[in-house]
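**Student:** Handing you this structure, nothing more for now.
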Amino acid sequence: MKNLLKRMDNVRLLLEKEAFPGMAVPGLIYADHYIETMLEQDSALEQVAHVACLPGIVGYSYAMPDIHWGYGFPIGGVAAFDVNEGIISPGGVGYDISCGVRLLSSYIKLADIKPVLDALTTALFSAVPSGVGSSSAIRLSLKDLDDVLRKGARWAVKEGMGMQDDLDRTEEGGCLDGALCEFVSSRAKERGKNQLGTLGSGNHFLEIQVVDEIFDKAAASQMNLESGSITVMIHCGSRGLGHQVCDDYLKVMRRAMAKYKIDVPDRQLCCAPIQSEEGQQYIGSMKAAANFAMANRQIIGSVVRDVFAQFFPGKPLFPVYDVSHNMAHIEKHIWEGRKREVCVHRKGATRAFEGQPVLIPGSMGTASYVLVGTKKAEMESFASTCHGAGRVLSRNEAVKRTRGQNLVREMADRGVTVKADSFRTLGEEMPEAYKDISAVVEVVHQAQLSLKVAKLKPVAVIKG
Ligand code: 5GP
Ligand code: MN
Ligand code: MN
C-alpha cells in the first residue's frame, strides 16, 4: 500500500484510490518525512483506505499526523458523509464518546506554585476521583442523569459548578441539542450514574502546566494565556456511559448492515444510513453521551477551581476552551464550490473552525500546545486537525519497556511531579510511547489546518 502513497508537498501525502478495491475517494494523510516513516508501524494506513470505501463519503478519507491504529477507523481519522446518502459509524467516533480536553488559564506564576506544588497536587488528587471505575461523590437519580444527558455542561453550571463564561468557552456552548436519552440503555445509565465528575483511567489526566512559549501574541492574550503563567489541562470523556453506548450501538449497527445491505471491508466499520432509524438513535445517544462528557469536564474544572482557590485566593482560573476529539457532528460545509450538509466523524481529531481554540495534549514528559483553527481547515479538511501526539508504542510494548523503571522518579528528574492510581497505566503512558508532539503540531501548522498559539510544559500530572 505504501507505494501508492504520493507525496504532494512537505506535509501532505495522497493515498490513491487504486490502493484498495472499492475506495470511493482518495486518502489524504498529513505527514512530513518523520511521520511518514511511522506509517509502517501498524495497519492505520489500511484503515484509511477502508474508511474511503464507506457509502456517501465526501472529499477524502483523512489522516492527521497523530494517526495510529484504532477500532475500525484509525485514531487521527476524519471522514465526512453526505447527510442523505451517507452513513454514521460508532467506530468513527470511538469508544470514549466526546473524549476531549478542557484548558484553564491563570496569572499565577510558576515561581509562586513551586513552594506549594506537592500539597496542591495531593489536594487535587484527592478531590478529583480517578482510576478504573472510580466513582463520584455526586449521586444522581436516573431522572437527574437524564437531565445531565439533555443539558450537558449547562446542567453543572445550573447546579452551581461553574459559570456562564465556562459555557461560552465550550464547544457548542457545552450542550448538544437533540440528545435522545430514551435510546441510551439502562446498562449505560447504570454505568454512568455514579461517575460524573471522575477522571477515569489510563490516558486521561489532569495536568498543571506552565506557558512556555507564545507564538501568536494576539490570540494568546484573547485566551488569557501569558508566558510563565500556570494552566490546568483536563483530559477525559464520557466514562463507562459512553463506552456502553458505543458497545450497544456496534451491535445495533451489525444488524442494520444486513437490513440496509451495506458492505464494508472490515466489520469494525459497521454503520447505518444517517437517515435510518438506527442511525438516528445512535446519533441521539451519542449526543447524550457527549453531554455527559462535557458535564464531566465542567464539574472537574469546577473542583479544580475550588482547590486552587484554597491555595491562591483571589487568583482565579479562567476558561480557555473545552473541545471534544471523539465525535461526529452534522455540519454545513462548502465542498468543491457546493454547499453540502455532512456528518463529520472526527476520531482522535479536533474540530478547527476559523478562530476556534484547538487544544493538543502531547505527553506528561514533553509538552502540549494551544492552536487556533483556520479558514484553510474549513476549506480542506472539513475544519479538522490533529488531537495529540499519537502513540508509537502499543500499551503492552510501553509497559514491557518500562518494567523495573521508577517512572515517578524519572519524571521528577525531568521536573514533573506525578501522581498515579496505577503503575501499569503510568508505564503505558510514558512519554516515549508517543510521537514527538512538536513534530506533529508542526505538520498541522505548516498545512495551516490550525496555527500555533502557545506551548505548554508539564509541571505536575495526575494520571487515572
Ligand atoms: P487519546 O485521547 O488518544 O487517548 O489521547 C490524546 C493525546 O493525549 C495522546 O495522543 C497523547 O499525545 C496525549 N497524552 C497522553 N497522556 C498525556 C499526559 O499525561 N499529558 C499530556 N500533556 N498529554 C498526554
Ligand atoms: Mn482523548
Ligand atoms: Mn478518552
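**Student:** Restricting attention to segment 304-332, which residues are crowded, with 24+ Cβ neighbours inside 10 Å and hydroxyl-bearing (S, T, Y)?
**Tutor:** Scanning segment 304-332 gives a single hit, S324.
**Student:** Counting only residues that are more than 25 Å from the chain's Cα centre (by Cα) and outside any helix (DSSP H, G or I), which one in segment 235-263 is nearest to ligand 3 (Cβ to nearest atom)?
**Tutor:** I262
**Student:** Under 9 Å by Cβ, and 6 or more places apart or on different chains, what pairs join a residue from segment 407-419 that is over 9 Å from V459 (Cα atoms) with one that is among the aromatic types (F, W, Y) and crowded, with 18+ Cβ neighbours inside 10 Å?
**Tutor:** Matching pairs, first to second residue: K419/F125.
**Student:** Another one. Do you know which of the residues in segment 377-388 that are part of a loop (DSSP other than H, G, I, E, B) and within 16 Å of ligand 2 (Cβ to nearest atom) is surrounded by the most Cβ atoms within 10 Å (Cβ to Cβ)?
**Tutor:** Going through the qualifying residues, I end up with C386.
**Student:** Now, a different point. Specify the residue that is surrounded by the most Cβ atoms within 10 Å (Cβ to Cβ); the eligible residues are those in segment 42-67 that are touching a Leu at 6+ places or on another chain (Cβ under 9 Å) and assigned to a helix (DSSP H, G or I).
**Tutor:** Filtering first and then ranking leaves V51.
**Student:** Using the structure shown, decide if S98 is under 27 Å from D436 (Cα atoms), in a loop (DSSP other than H, G, I, E, B) and in contact with a strand residue (DSSP E or B) (Cβ under 7 Å, 6 or more places away or on another chain).
**Tutor:** Yes.
**Student:** Residue under question is A24, and the condition is that it be over 17 Å from K347 (Cβ atoms) and either at pLDDT 95 or above or surrounded by 20 or more Cβ atoms within 10 Å (Cβ to Cβ) (or both); does it hold?
**Tutor:** Judged against the criteria, A24 is a match.
**Student:** Collect the residues in segment 389-413 that are at positive phi and either touching a strand residue (DSSP E or B) at 6+ places or on another chain (Cβ under 6 Å) or in a helix (DSSP H, G or I) (or both), keeping them in residue-number order.
**Tutor:** Once the filter is applied, which keeps residues that are at positive phi and either touching a strand residue (DSSP E or B) at 6+ places or on another chain (Cβ under 6 Å) or in a helix (DSSP H, G or I) (or both), segment 389-413 yields only G390.
**Student:** Between a first residue in segment 236-258 that is in contact (Cβ under 8 Å) with a residue 60 or more places away in the chain and a second residue that is of a type in the set (D, E, K, R) and part of a helix (DSSP H, G or I), which pairs have beta carbons less than 7 Å apart while being 6 or more apart in sequence or on different chains?
**Tutor:** C236/R297; G240/R191; M253/E278
**Student:** Would you pick out the residues in segment 74-105 that are more than 15 Å from ligand 2 (Cβ to nearest atom) and among the polar types (S, T, N, Q)?
**Tutor:** Residues satisfying the conditions are N84, S89, S105.
**Student:** Okay, next question. With respect to K287, determine if the residue is without any contact (Cβ under 8 Å) to a residue 40 or more places away in the chain, closer than 18 Å to I87 by Cα and basic (K, R).
**Tutor:** Criteria not met by K287.
**Student:** Got at least one residue in segment 46-59 being charged (D, E, K, R), in contact (Cβ under 8 Å) with a residue 12 or more places away in the chain and more than 19 Å from T350 (Cβ to Cβ)?
**Tutor:** yes
**Student:** So Y95 passes all but one of these: (1) within 18 Å of A272 (Cα to Cα); (2) at pLDDT below 95. Which condition number does it fail?
**Tutor:** Status for Y95: all satisfied but (2).
**Student:** What tally of residues in segment 213-249 results from selecting those that are within 16 Å of ligand 1 (Cβ to nearest atom) and among the hydrophobic types (A, V, I, L, M, F, W, C)?
**Tutor:** Qualifying residue count, segment 213-249: 7.
**Student:** Still on this structure, please answer the following. Of the residues V440, V444, V453, which is within 29 Å of F382 (Cα to Cα), within 16 Å of ligand 2 (Cβ to nearest atom), touching a residue at least 40 places away in the same chain (Cβ under 8 Å) and touching a strand residue (DSSP E or B) at 6+ places or on another chain (Cβ under 6 Å)?
**Tutor:** Only one candidate passes the filter, namely V440.
**Student:** Going through P129, P74, P115, P55 one at a time, which residue ends up being within 26 Å of I283 (Cβ to Cβ) and more than 16 Å from ligand 1 (Cβ to nearest atom)?
**Tutor:** Only one candidate passes the filter, namely P55.
**Student:** While we're on this one: When the residues of segment 416-464 are filtered to those that are within 16 Å of ligand 3 (Cβ to nearest atom), in a helix (DSSP H, G or I) and more than 18 Å from L39 (Cβ to Cβ), which remaining residue is modelled with the highest pLDDT?
**Tutor:** Checking each candidate, the answer is E428.
**Student:** Can you report the number of residues in segment 74-127 which are crowded, with 24+ Cβ neighbours inside 10 Å and farther than 24 Å from V370 by Cα?
**Tutor:** Residues meeting the conditions: 9.
**Student:** Take the residues of segment 269-303 that are surrounded by 22 or more Cβ atoms within 10 Å (Cβ to Cβ), among the β-branched types (V, I, T) and away from ligand 2 (no atom under 16 Å from the Cβ): which is farthest from V342 (Cα to Cα)?
**Tutor:** Filtering segment 269-303 for residues that are surrounded by 22 or more Cβ atoms within 10 Å (Cβ to Cβ), among the β-branched types (V, I, T) and away from ligand 2 (no atom under 16 Å from the Cβ), the one farthest from V342 (Cα to Cα) comes out as I299.
**Student:** Scan segment 77-95 residue by residue and report those that are within 12 Å of ligand 1 (Cβ to nearest atom) and under 22 Å from V441 (Cβ atoms).
**Tutor:** Result: G77, G94.
**Student:** Another question about this same structure. Considering segment 193-214 alone, what residues qualify as being away from ligand 3 (no atom under 16 Å from the Cβ) and outside any loop (DSSP other than H, G, I, E, B)?
**Tutor:** Passing the criteria: K193, I208, Q209, V210, V211, D212, E213, I214.
**Student:** Could you please tell me which pairs satisfy a Cβ distance under 8 Å, a separation of 6+ or placement on different chains, a first residue in segment 15-32 that is free of Cβ contacts under 8 Å to residues at least 24 places away in the same chain, and a second residue that is in a loop (DSSP other than H, G, I, E, B)?
**Tutor:** Correct list of pairs: E16/P26.
The values are calculated or read from the model by the stated rules, or taken from the named source; none is laboratory data. From a predicted model like this one, the values you see are computed outputs, not experimental measurements. Cβ coordinates were reconstructed from backbone atoms using ideal geometry, including for glycine residues, and neighbour counts include every protein chain displayed.
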